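Remarks on the structure that follows.
Here, each number is a calculation from the coordinates, and none is a lab measurement. Model, not experiment: these values are computed from the prediction. As a convention, Cβ positions derive from the backbone with ideal geometry for all residues, glycine included, and neighbour counts pool all protein chains shown.
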């Protein structure tokens, strides 16, 4: 699936990934390839990009939103720092 992580200042990440783990406001959740369409609010916490089945990239993010549609996930957040 395609993942884009955006802040008001810049694009943090863009590429093809296996999945992403996100800090939802009611608990963490994971979006994988071919996930059903959804929109969710995010709280500050750890976002983990599953580049493939063994390699990951992590970010400490501030609050925001995620949209999943047509096998593309867009994460809109206030700010992020790669860990």
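Per-structure values
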item	result
Neighbour-count order for 34, 46, fewest beta carbons within 10 angstrom listed first	34, 46
Most fluctuating residue given options 24, 15, 45, as computed from a GNM of the chain linking Cα atoms under 10 Å	15
Principal axis box of segment 39-83, alpha-carbon based, largest edge first, Å	27, 27, 11
Normalised contact order of segment 19-83, rounded percent, pairs of Cα under 8 Å and 6 or more residues apart	29
GNM top mover of 42, 69, 22 - the chain, alpha-carbon springs below 10 Å	69
Computed Kirkwood radius, in angstrom, where 1/r is averaged over Cα pairs of the chain	12.3
